[in-house]
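Below is one structure, written out as structure tokens, with a few remarks after it.
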């Protein structure tokens with residue numbers, strides 16, 4: 001939302017919370033894996049008229065694993081059913097593209113249940129295990145040795161950790177926006 005003709009935007013609380021979660025997840029994973037400066041996946045795609053178009057996808061983070069393989073990070077700040085499905089499909093597609101040039105690429109999908117702290121985010125899905133049944137569910141914090149190359153590695157930030165992250169970014173010691 002913007003003020004008419006002012007060029008100013010009203011801060012979006014969902015974006016603020018999502019940014020906090022992404023930054024903290026990157027910092028946590030960086031304790032185990034080497035964070036790179038890479039953040040954009042770029043590839044060419046042929047359109048229906050046989051012309052090639054340059055395509056881009058922003059990544060939440062790219063790390064180097066123990067064997068120097070690329071670990072692609074996708075962070076979702078909600079555990080709603082739609083967010084889980086979107087995260088899985090988005091990272092699966094990203095891995096398919098990335099593996100054309102980096103066959104050993106690994107996917108790490110991190111969820112944070114911000115819906116417990118803020119009504120702007122969806123409710124946690126009851127069938128999380130069913131939605132991720134073919135993937136590898138890891139404990140929080142993900143350890144480099146536990147990452148599996150043949151599937152998407154999924155983890156959920158512990159509620160107590162998420163609560164601390166959100167409190168640390170609030171001037172009043174509560175959530176950064178109304179909870």
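FYI, it's all coordinate maths here, none of it is from the lab. Keep in mind that this is a model prediction, so the values were computed, not measured. Glycine gets a Cβ as well: all are built from the backbone with ideal geometry, and neighbour counts include every protein chain shown.
Descending by average beta-carbon neighbour count within 10 Å, the peptides 93-106, 48-61, 14-27 line up as 14-27, 93-106, 48-61, the highest first.
Taking other Cβ atoms within 10 Å as a rough exposure proxy, 45, 135 sort from fewest to most as 45, 135. Extension gain for the segment residue 143 to residue 90, taken as residue separation times 0.36 nm less the Cα-Cα distance, is 16.8 nm to one decimal. Rounded to two decimals, the Cα-based Rg/Rh of the stretch 13-168, with Kirkwood Rh, is 0.98. Please order 85, 76 by the number of other Cβ within 10 Å, starting at the fewest. Neighbour counts put them in this order, fewest first: 85, 76. Computed from the Cβ-Cβ distance with R0 of 41 Å, the FRET efficiency linking residue 53 to residue 160 stands at 0.35. Put in line by how crowded their Cβ is, counting other Cβ atoms within 10 Å and starting with the fewest, 165, 140, 43 read 43, 140, 165. The modelled label-to-label distance between residue 31 and residue 46, using points 7 Å beyond Cα along the C-beta direction, is 4.8 nm.
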